[in-house]
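Below: the structure, in structure tokens.
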Amino acid sequence: MNTISESLSPRQRTLAGVAAIALLGVAAGYALSILGGEADNANGNATTEAGCEDVLYWYDPMVPGQRFDKPGKSPFMDMQLVPKCAGGGEEQAGVSIDPALVQNLGIRTAVAERGILQTETTVTGTIAYNAREMAVVQPRSGGFVQRTYGLAPDDIVRRGAPLVDLLIPEWGGAQREYLAVAATGDHALTRAAHERLRLLGMPDSMISAVARSGSPRSVITITAPTSGVVTMLAVRPGMSVSSGQTLAEITGLNPIWLEAAIPEIQAGDVRIGQTVRATLTAYPGELFTGRITTILPSAQADSRTLTVRAELPNPNLKLRPGMFAKVSLSPERREALLIPSEAVIRTGKRTLVMLAQGKGGFSPAEVRLGREANGQTEIFEGLAPGEKVVTSGQFLLDSEASLGGVDVRPIGEAAQAGSGKAAEDQQKPQSYSANGTIEKITARSVTLRHGPVAALDWPAMTMGFAIKAPAQLQGLARGDKVAFRFVQADSGPQIVSIRKRGQ
């Protein structure tokens, strides 16, 4: 090598150096062209894969809220990032589907319309004693039990049936004094003696009997003050009793109580005065009807139920405490905005429906639900009458909307005029009309014996109605036949208008 370079002239060595430099330049240019071509191809491929010229950002479809400024592999999933193009159909609110594919995908819609939801709740219940009809038997004076009449707890007695004979020695002396004073003819002293007998606890019927017979009576027969069941009996022959001591308790059976357990979720549909219908296994095919009189103030912690108490007529004493009943309640019928229940999407945090916007456009909207029955659901907020909701294929659309990061329409933005009117109509109570006869008038209520109210499935009954002001009853009196309208308020039925029939 050294020999060859030494044999070259200076001019030849200069030319050789220039050629070597030129060769290096060519090689470097070729390398740069290769690298530049690869970069251009990479950018070109990225743009081609995006399907658009202007990419806003890149994102992972499984985590649509996270955005990236360049393509690549997702840090969350084993997949490539997806471009979000500027302009075009992708920037429209909601999800767009070719109208020709809507039918192929099985997407069906229904219109939100106002109507009356036909609901009926079926629960279990038991027959119970009517504690409001309970009578306590107590003597007015102390004495001794001379006779009992073979009664035992849980026996059924009629009003006026004898319970026990009491000997009251104190009465004998007082009656002799009364007879002696009456024989003098002094009316003032006779009245005073008569009043003394009454203060000793002697009934007027016995005083009259002593005055007629002229002989004292120290034995009194205590009778049942009402018909019912002997729920407590504390007398035995020969025992002594004191004044005010409880001898027996008698609980009425007509009307009788029906206590039903209402699930907590349905407690809002129960109202005082609401009609209930009960069937019992003891009497198959027979229907017993009554109305709710009380909603107990506390719920059962173990079963999460609320107890409601209804009164059932029981003239023949067929219904006995402890009997099991199947109870049907028909909540108040009110007009509401209804959609098919299958259109509702429950995410766990909120409730959605998919709205059909026309030309293949769909968007999610949040709604607030009411009652559900017979395949229909009440909508309190979030929809307006006439809007179309998707009833089939909505879960596919909701998934697509979630992947695309589509915003959900809040409840407050739902067709303000339409939804506002719907809410107002829902809050306006429905009124009912009936004819009846006035039984009693007080400062705050009127008791009416009215005929059936078909709209509420009420039978003919006698019940109290609250009034808004005493002026509503001006000119009316007990016994008047009236036509009236009322509403079902939270506190019970309330009179809206009332007038004499024929006026």
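The values are calculated or read from the model by the stated rules, or taken from the named source; none is laboratory data. Predicted model, so just to flag it, every value in this text is computed and none were measured. Positions of Cβ are backbone-derived with ideal geometry, glycine not excepted, and every protein chain shown enters the neighbour counts.
Across segment 259-269, what is the total count of residues that are under 14 Å from Ser330 (Cα atoms), part of a helix (DSSP H, G or I) and of a type outside the set (Asp, Glu)?
Summing the residues that are under 14 Å from Ser330 (Cα atoms), part of a helix (DSSP H, G or I) and of a type outside the set (Asp, Glu) in segment 259-269 gives 3.
Which residues, counting only those in segment 364-384, are among the small types (Gly, Ala, Ser), under 15 Å from Ala112 (Cβ atoms) and surrounded by fewer than 23 Cβ atoms within 10 Å (Cβ to Cβ)?
Taking segment 364-384 first, the residues among the small types (Gly, Ala, Ser) are 365, 370, 373, 375, 382, 384.
Subset that is under 15 Å from Ala112 (Cβ atoms): 365, 370, 375, 382, 384.
Passing the criteria: Ala365, Gly370, Gly375, Ala384.
Looking at segment 55-69, I want the residues that are more than 7 Å from Leu81 (Cβ to Cβ) and surrounded by 14 or more Cβ atoms within 10 Å (Cβ to Cβ) and have a partner that is of a type in the set (A, V, I, L, M, F, W, C) and at pLDDT below 65 with Cβ atoms under 8 Å, at least 6 apart or on another chain. Which pairs are those?
Val55/Ala86; Leu56/Ala86; Pro61/Leu403; Pro64/Leu403
Condition check: among the basic types (Lys, Arg) and outside any loop (DSSP other than H, G, I, E, B). Does Arg485 satisfy that?
When the stated conditions are applied, Arg485 passes them.
Residue by residue, here is whether (1) loosely packed, with under 14 Cβ neighbours inside 10 Å; (2) in contact with a strand residue (DSSP E or B) (Cβ under 6 Å, 6 or more places away or on another chain); (3) modelled with pLDDT of 85 or more holds:
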site: Ser399; (1), (2), (3): yes, no, no
site: Val408; (1), (2), (3): no, yes, no
site: Glu413; (1), (2), (3): yes, no, no
site: Gly420; (1), (2), (3): yes, no, no
site: Lys428; (1), (2), (3): yes, no, no
site: Glu439; (1), (2), (3): no, yes, yes
site: Thr442; (1), (2), (3): yes, no, yes
site: Gly464; (1), (2), (3): no, yes, yes
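Are there any strands (runs of 3 or more DSSP E) wholly within segment 277-348 with 3 or more residues that are under 20 Å from Thr251 (Cβ atoms) and touching a strand residue (DSSP E or B) at 6+ places or on another chain (Cβ under 7 Å), and if so which?
Output list reads 288-300, 305-312.
Can you tell me which residue among Gln472, Gln488 is farther than 29 Å from Ser328 by Cα, outside the structural domain of Thr294 (by TED's automatic domain parsing) and surrounded by 12 or more Cβ atoms within 10 Å (Cβ to Cβ)?
Every option except Gln472 fails the conditions.
With Ala152, Ala211, Ala180 as the choices, which residue is loosely packed, with under 15 Cβ neighbours inside 10 Å, assigned to a helix (DSSP H, G or I), hydrophobic (A, V, I, L, M, F, W, C) and not assigned by TED's automatic domain parsing to the domain that holds Glu311?
Within the list Ala152, Ala211, Ala180, the selection yields Ala180.
Mind counting the residues in segment 365-386 that are assigned to a strand (DSSP E or B) and under 16 Å from Ala110 (Cβ atoms)?
7
How about segment 228-253: which of its residues are under 17 Å from Gly150 (Cα atoms) and part of a loop (DSSP other than H, G, I, E, B)?
Of everything in segment 228-253, those that are under 17 Å from Gly150 (Cα atoms) and part of a loop (DSSP other than H, G, I, E, B) turn out to be Ala234, Val235, Arg236, Pro237, Gly238, Met239, Leu247.
Name, by its number, the condition in (1) closer than 22 Å to Ile411 by Cβ; (2) in a loop (DSSP other than H, G, I, E, B); (3) in contact with a Gly (Cβ under 6 Å, 6 or more places away or on another chain); (4) not acidic (Asp, Glu) that does not hold for Ile272.
Just one mismatch for Ile272, condition (1).
Would you mind stating whether Arg346 is of a type in the set (Lys, Arg), within 21 Å of the chain's Cα centre (by Cα) and surrounded by fewer than 16 Cβ atoms within 10 Å (Cβ to Cβ)?
Working: of a type in the set (Lys, Arg): yes; within 21 Å of the chain's Cα centre (by Cα): yes; surrounded by fewer than 16 Cβ atoms within 10 Å (Cβ to Cβ): yes.
Answer is yes for this residue.
For segment 155-170, which positions are farther than 22 Å from Lys318 by Cβ and assigned to a loop (DSSP other than H, G, I, E, B)?
Residues satisfying the conditions are Gly160, Ile168.
Given the criteria of a type outside the set (D, E, K, R) and either touching a Pro at 6+ places or on another chain (Cβ under 8 Å) or in contact (Cβ under 8 Å) with a residue 40 or more places away in the chain (or both), does Gly143 qualify?
Judged against the criteria, Gly143 is a match.
Tyr283 is checked against (1) in contact (Cβ under 8 Å) with a residue 60 or more places away in the chain; (2) over 16 Å from the mean Cα position of the chain (by Cα) and fails just one. What number does that condition carry?
Of (1) in contact (Cβ under 8 Å) with a residue 60 or more places away in the chain; (2) over 16 Å from the mean Cα position of the chain (by Cα), only one is false for Tyr283: (1).
Looking at Gly160, Gly201, Gly228, can you tell me which residue is surrounded by 15 or more Cβ atoms within 10 Å (Cβ to Cβ) and at pLDDT 80 or above?
Of Gly160, Gly201, Gly228, the one residue that is surrounded by 15 or more Cβ atoms within 10 Å (Cβ to Cβ) and at pLDDT 80 or above is Gly228.
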